[in-house]
Number of protein chains: 2
Amino acid sequence: MKTIKGGVTAAKGFKAASTAAEIKYKGRKDMLLIYSESPCTAAGVFTSNVVKAAPVMWDREICNGIHPVHAIVGNSGIANACTGELGKRICKETADAVTNLLGIPENSVLVASTGVIGMQMNMEAVKKGICDMVPKLSDTTEAGTGAAEAIMTTDTYAKEMAVEFELDGKTCTIGALAKGSGMIHPNMCTMLSFVTTDVSISHDLLQKALREVANETYNMISVDGDMSTNDSVMVLANGEAGNSEITEEGDAYNTFKEGLYTICREVARMLAGDGEGATALFTVHVKNADTKDNARTLAKSVICSSLTKAMIYGHDANFGRILCALGYSGVLFDPEKVELSIHSEAGNVLLFKNGEPQAFDEEYATKVLSEKEVIAEVDMNLGNEEATAWGCDLTYDYVKINADYRS
Amino acid sequence: MKTIKGGVTAAKGFKAASTAAEIKYKGRKDMLLIYSESPCTAAGVFTSNVVKAAPVMWDREICNGIHPVHAIVGNSGIANACTGELGKRICKETADAVTNLLGIPENSVLVASTGVIGMQMNMEAVKKGICDMVPKLSDTTEAGTGAAEAIMTTDTYAKEMAVEFELDGKTCTIGALAKGSGMIHPNMCTMLSFVTTDVSISHDLLQKALREVANETYNMISVDGDMSTNDSVMVLANGEAGNSEITEEGDAYNTFKEGLYTICREVARMLAGDGEGATALFTVHVKNADTKDNARTLAKSVICSSLTKAMIYGHDANFGRILCALGYSGVLFDPEKVELSIHSEAGNVLLFKNGEPQAFDEEYATKVLSEKEVIAEVDMNLGNEEATAWGCDLTYDYVKINADYRS
């Protein structure tokens, strides 16, 4: 498994393009197109929010079916959520515009939107953007990065990644782009992330691998506890690597899944660390829990605690807030058994053990808490299960960004 | 039902005192004592956090029993939570010190603490504070207000209230004090609030009334989603009003419960509106839901949404965030049926109906959102159940207060 340069255009046969279509933002890229001439198997996991954006309903239908997929078209600025019948129509017209221009079959285009909820899209702008992008489609690294840039909203940098590995003596690649960075609290789903691979794999196994990997990666992050109406992660696999199609679980499946996991974990960490206004990535590792589900619930409860997040921002070892967040997670445990420490590149501090606060050097603790990644290590001393969750600190800038995001 | 001046000393036979014991804070009051010479029936509801502070465990025991209670002793600065055996011992020694000085029976003193978690209390300071307070006990309004001031942490003002009503031709009174204003997200429990009344009522009915009222008031507020380790609301009823003891549900019980509800709702609204850093009280009223539980869950989901709270701070009618928060509440509903408007003293704006955003004047909406109380009215169009929840906006000051609260 080797990390390589690039993102969605890293795998063979995938092209991308982006443009400034002025859907809402002015003077910056806001549309992207990803395309594979070879037909792709597609899988997706989507928001479990009852209020689902129009593109989510469109994509779910396609990913659940076995139609070959050729393209993803996406925009930032407007989420096309809470937009009623008109929103659904815009979704179909957007896909159809791509279908017509590329000469590909109906229902082979996935659609994704991110931005303000409850605002209608301007179809003319969308169509103009698509016309502009089709002739620019390119398999260069730059084209992939451009697509990653076009989907950004409050992200401070474009998020992409690619890995390479071998199957049947053939070089295989998985690449991805993703966007955050607010309304991030995925549950059985993710924020927007598009993954492309040249691996040949059956629809069922692609969906299975994606769901399992998403549970351990995207579903274990939170920036602000707000689960979006548009969360989607979609994978396109076009088979151009030339491996024998993966149709059962085994070594090849495991290798592919490991690649997918590596990509999704790193992208999830990027999303958490670049959460709106964040100055630090906050990782919580819960170990020796009684069940896997409880380990996950405990870890997520801590990364979602506003008070804990503000404490990370303040570099203050006010660890009672972490114990408090474990305590209201809904999981039963014995507080006297919990062992809690924080660590980072600057060192390690034991804070709580045997039901009592431990003496520690405040200045040293502040140093440990001042790194770019801070890890809370929670030992439940109850069993053998573990889980990791990723979040970020809560800062003035989070409030600033969200008090006037729409305007 | 009449609102009158005062708080915990408003009801007959209740005295209070406060002092600066330097438990953690310097140069401000940090201890309070409430006392009734007549023995009181006591009821309490407490945090459902698995991590419970030592005083919570002490009080629960006493409130569950039928011992008469005479006093509440409380402190701010240190929460006596996550403090192990020593914390429990300090709790007992504190109660015993009050018992000895006042010459009242063992186990007749409730104890409450609020402040930093995971820090041990200095028993000498506590004892000195108690010795200082006992001779100062007084039934004046000022003594009650002093007690309300002593329990404050990040509250910007002391919270107290009292109401008066008649039972059997006798004037009855209920008074209360309470403190917020961070780590506020009660669940089957509340933050610290002490209620005193001269009504005569059985232990079972006092407990029943308190639990039901707390569910509709304290349990319907959230400042930051963090449920405290110390949440407690306790009521002392000393019977000095002279009404016939309330031993069954009926008119007298209903009148008492209405008084208790009035007090608790107003105090809950004060706590929400004075949430850490808050500039506005944010009220969410969900109506025509299919079940009462769903109405409550939907309303609470919205007041807990960081993005919605930041939008209130920004006076920005970005209503998609409210729909989004309804959608991830866990309640199933049809988004197309939801009708959403916001109102305040400045007016009323319809935002969403029939599955589509409604046209509205942005400037007017901003005016409506700029009042001290902003109300979101959510009509689910599914049934006949309703619920109200209270929260506040998310501001720079919330982050500021909590990035360096401990130091």
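The values are calculated or read from the model by the stated rules, or taken from the named source; none is laboratory data. Remember, predicted model here, so these are calculated numbers, not experimental data. Here the Cβ positions follow ideal geometry from the backbone for every residue, glycine too, while neighbour counts run over all protein chains shown. Heavy atoms of the whole protein, side chains included, go into the accessibility calculation; ligands, DNA and RNA do not. Shrake-Rupley method; radii C 1.70, N 1.55, O 1.52, S 1.80 Å.
Details
- Across the stretch B:337-371, the number of residues qualifying as part of a strand (DSSP E or B), within 11 Å of chain A (Cβ to nearest Cβ) and touching a His at 6+ places or on another chain (Cβ under 9 Å) comes to 0.
- Residue in the stretch A:98-107 that is touching a Gly at 6+ places or on another chain (Cβ under 9 Å) and either open to solvent by 20 Å² or more (accessible area, probe 1.4 Å) or closer than 29 Å to A:A272 by Cβ (or both) present: yes
- Hits in the stretch A:296-311 - residues which are closer than 20 Å to A:A214 by Cα and either under 18 Å from the mean Cα position of the chain (by Cα) or among the β-branched types (V, I, T) (or both): A:R296, A:T297, A:A299, A:K300, A:V302, A:I303, A:C304
- Counting only residues that are open to solvent by 10 Å² or more (accessible area, probe 1.4 Å), farther than 21 Å from B:G144 by Cα and touching a strand residue (DSSP E or B) at 6+ places or on another chain (Cβ under 7 Å), the stretch B:63-83 holds 2 of them.
- Per-region count, the stretch B:298-336, residues under 17 Å from B:I221 (Cα atoms), touching a Ser or Thr at 6+ places or on another chain (Cβ under 8 Å), in a helix (DSSP H, G or I) and within 12 Å of chain A (Cβ to nearest Cβ): 8
- Among residues of the stretch B:179-235 being among the acidic types (D, E) and over 10 Å from the mean Cα position of the chain (by Cα), the one that is farthest from the other protein chains (Cβ to nearest Cβ) is B:D198.
- Selection count, the stretch B:164-210, where residues are within 18 Å of B:C40 (Cα to Cα), charged (D, E, K, R) and touching a Ser or Thr at 6+ places or on another chain (Cβ under 9 Å): 2
- Members of the stretch A:53-62 found to be among the charged types (D, E, K, R) and surrounded by fewer than 23 Cβ atoms within 10 Å (Cβ to Cβ), listed by number: A:R60, A:E61
- Among (1) surrounded by 19 or more Cβ atoms within 10 Å (Cβ to Cβ); (2) not in a strand (DSSP E or B), the one test that B:T114 misses: (2)
- Condition met for A:G27 (free of Cβ contacts under 8 Å to residues at least 40 places away in the same chain and open to solvent by 20 Å² or more (accessible area, probe 1.4 Å)): yes
- Boolean, A:K128 is open to solvent by 10 Å² or more (accessible area, probe 1.4 Å), more than 18 Å from A:D231 (Cα to Cα) and in contact (Cβ under 8 Å) with a residue 60 or more places away in the chain: yes
- Among the residues making up the stretch B:244-263, those that are open to solvent by 10 Å² or more (accessible area, probe 1.4 Å), in contact (Cβ under 8 Å) with a residue 60 or more places away in the chain and either more than 14 Å from the chain's Cα centre (by Cα) or within 14 Å of chain A (Cβ to nearest Cβ) (or both) are B:S244, B:A252, B:T255, B:E258.
- Candidate set: the stretch B:343-354, residues that are buried (at least 17 other Cβ atoms within 10 Å of the Cβ) and touching a helix residue (DSSP H, G or I) at 6+ places or on another chain (Cβ under 9 Å); chosen: the one farthest from A:I117 (Cα to Cα): B:S344
- Only one entry in B:E85, B:E93 is more than 14 Å from chain A (Cβ to nearest Cβ) and acidic (D, E), namely B:E93.
- Filter result (under 30 Å from B:V399 (Cβ atoms) and part of a helix (DSSP H, G or I)) within the stretch B:242-279: B:C264, B:R265, B:E266, B:V267, B:A268, B:R269, B:M270, B:L271, B:A272, B:G273
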